[in-house]
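First comes the structure, then the notes that go with it.
Just so it is clear, none of the values below were taken in a lab; they were calculated from the coordinates. Fair warning: this is a prediction, and the values are worked out from it, not measured in the lab. No Cβ is skipped: glycine too gets one built from the backbone with ideal geometry, and neighbour counts run over all protein chains shown.
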Amino acid sequence: MKGSTPANWLRGARRKFARMPHIGMKLGMTRIPDAPALPVRDPWPGDPVRGGRLLKGEFEYGGAVCLLRPGGWNGIDASPILRAVLHGFTWLRDLRALGTDNARLRARMLVAEWIASPPNEEIVYRPDVIGARIAAWLGHYDFFAASADDLFRQKLMARLVGDARTLALALPAEEQDARALTALKGLIAAAVALPDHAAFLTRALRFLPQEIGRQVLADGCHVERSPAAHLSALQDLTEIRALLQASQTQPPAALSSAIERMAPALRVLRHGDGGLALFNGSREEVPALIDLTLTQAGRGGRAASSMTEGGFQRMQAGRTVLIVDCGVPPPPGTDRFAHAGTLSMEMSVGRDRLIVNCGAYVAGPQDWRDASRATAAHSTLVIADVNSSEIRRDGLGRRPEKVDVQRQEANGAHWLEASHDGWKRPFGAIHRRRLYLAESGEDLRGEDVVEAASPQPFTLRFHLHPAVSASLQQDGQTVLLRLPAGGGWRLKADGARLALEESIYLGGPEPRRSEQVVLTGFADGPQQVKWAITKVG
């Protein structure tokens, strides 16, 4: 079993060893600094609305909410992801965004209560959670701690030293996804603020290059194939670079190279409104935050139209942007947020999203998380209501092993043909999708085909953004779509029954009702559907 391996046993022993305060004293760590030797700055903006909710005792993340009462750090009723974010204290930036004395005192009180009675749960000591907490406390030190009394600052600094020691002993992080970068960022932040503990920096730099090499693909895409994870990882790497520069430490070459590749790759994953595409656990995010991240990253290379390793294809013509997931799902260990959305597509026109995936509810209840990861929650085809990848709580089981892609461009027009074998084992079937986007961007044509020895029941879905108004026309084969900006589009299909049904959109700050165009294949008909989305007028 996973938990009984020598490596995991040793890692657990190290964590327990590091949590014993008397051990630290014997190892010459008795002197606790009065304050950080060098300032550490959190560069990301907070949300004053969320900050206001924190003043009321409500914590919101990813659309999920839990109560945070005075003295109530133990026994919080929330999902593991929500609790991890809580104990990582990144939400201090939301209180900072309020900029009031009440917000400052609230932040100080919550940190003081946490230090006085640390929650008794394993997640508190997970490397990424410790790393986030260290970076957050140091990054907001001037906001909530600098003006506090000596006793509070002494306790805070003692806890920071203890957490950094625990983190150093816990590396390399057991988590193989972007959380490992957060852990390294925290230890580097501690090394910068506590220069007497040079071993922290030595240990972090030992693992940083190999972690970057494992997480950042050659085309700049993050290994999780998630726009949200990509953004988070790029933020962590730019923070690490700034920390090393502040301490006058030469950043490893792998760090600069990764940032230079990831910045243009992030641009591939943005829609016309500046937000992220909704693949693999992602939500739109705030465009200003993405802009700031790209600014912090600096000038990267020119954004490509496709990512050969990451597997995303971006087609842009006129005011239309089309982003298609044409990649194999991320490997085990990096797939905790992976969706069964192979060959799904999203389409935006100018600043308006038209065709979307449903998004993600990563911090919500398990049944909601599973539903948002299902193939049916994506704008693609599904056979017999069976997901193209088997959804498990900790990742994916059965999944497509081969995704073939061919792309051509000529005179501003785009052709894309892709296929995947996710249903080969259960049904002996291949899904093939062909797309054509005209030079004007006002004519998108598609064909979805099920290649199988015997006919398979299938459904093709186009989820609509909540701001899109849809009406089914009298011919029963056409839906008229109206965008907020006033433009009209027509979705027409041939080879399937067309219906307009309810859907839900999880890509924004809160869940919203939406609609979806559903094309159902005929049991005794051809195993293909031809469709077109064209501008009206």
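Worth a mention:
- Alpha-carbon centroids, the range 392-430 and the range 332-383: separation in whole Å: 15
- Overall size of the range 463-537 from C-alpha positions, given as principal axis extents largest first: 43, 30, 18 Å.
- Using only Cα coordinates, the Kirkwood hydrodynamic radius of the range 399-443 works out to 11.8 Å.
- Paramagnetic label zone (point 7 Å from Cα along Cα-to-C-beta, Ala116; backbone N under 14 Å) in the range 124-154: 149, 151-153
- The Kirkwood radius of the range 358-413, taken over pairs of alpha-carbon atoms, gives through the Stokes-Einstein law at 4 °C and 1.567 mPa s a diffusion coefficient of 96 µm² s⁻¹.
- Net length gained if the chain between Thr534 and Glu439 were fully extended (0.36 nm per residue, minus Cα distance): 33.0 nm
- Altogether, the Stokes-Einstein calculation at 37 °C and 0.692 mPa s, with the Kirkwood radius of the range 310-360 over Cα pairs as Rh, returns a diffusion coefficient of 272 µm²/s.
- Shape descriptor for the range 123-267: Rg over Rh equals 0.98 (Cα atoms; Rh from the Kirkwood inverse mean 1/r).
- Rounded to 10°, Cα long-axis angle of helix 150-170 versus longest principal axis of the chain: 60
- The range 435-465 and the range 60-131: distance between their alpha carbon centers, rounded to Å: 45
- Relative to the longest principal axis of the Cα atoms of the chain, the long axis of helix 253-268 makes an angle of roughly 40 degrees.
- Range of Cα positions in the range 100-206 per principal axis (Å), largest first: 40, 30, 22
- Under the Debye formula (equal points on every Cα, no solvent term), log10 I(q)/I(0) of the range 61-143 at q = 0.16, 0.21, 0.23, 0.24 Å⁻¹: -0.59, -1.06, -1.28, -1.39
- Neighbourhood net charge (15 Å Cβ-Cβ; Lys/Arg +1, Asp/Glu -1) for Pro400: +2
- In this structure, Glu510 and Trp44 have a Cβ-Cβ separation that, at R0 = 22 Å, corresponds to a calculated FRET efficiency of about 0.55.
- Segment Ala35-Lys402, extension gain: residue separation times 0.36 nm, minus the distance between their alpha carbons: 126.7 nm
- Taking every DSSP bridge with both residues inside the range 259-373, close to 100 percent are antiparallel.
- Global form of the range 364-471, assessed from the alpha-carbon gyration tensor, a/c cut-off 1.5: oblate
- Cα pair distances in the chain, grouped into 10 Å bins until the bin that holds the longest one, percent each: 4, 18, 27, 24, 15, 9, 3, 0, 0
- Of all DSSP beta bridges in the chain, antiparallel share, percent nearest 5: 100
- Two-site label geometry, Leu472 and Thr100: point separation in nm, points 7 Å out along Cα→Cβ: 4.9
- If you plug the beta carbon distance of Lys56 and Gln366 into 1/(1 + (r/R0)^6) with R0 = 35 Å, you get a FRET efficiency near 0.85.
- Nitroxide proxy distance, nm - points 7 Å out along Cα→Cβ at Asp394 and Ala485: 4.6
- The angle between the Cα long axis of helix 127-139 and the longest principal axis of the Cα atoms of the chain comes to about 70 degrees, rounded to the nearest 10.
- Within-11-Å neighbourhood charge of Ala429 [Cβ basis; K, R +1; D, E -1]: +1
- The residues packed around Ile323, meaning those with a beta-carbon under 14 Å from its beta-carbon, carry a net charge of +3 if Lys and Arg are +1 and Asp and Glu are -1.
- Diffusion coefficient, µm² s⁻¹, Stokes-Einstein with Kirkwood Rh over alpha-carbon pairs of the range 202-353 at 25 °C and 0.890 mPa s: 156
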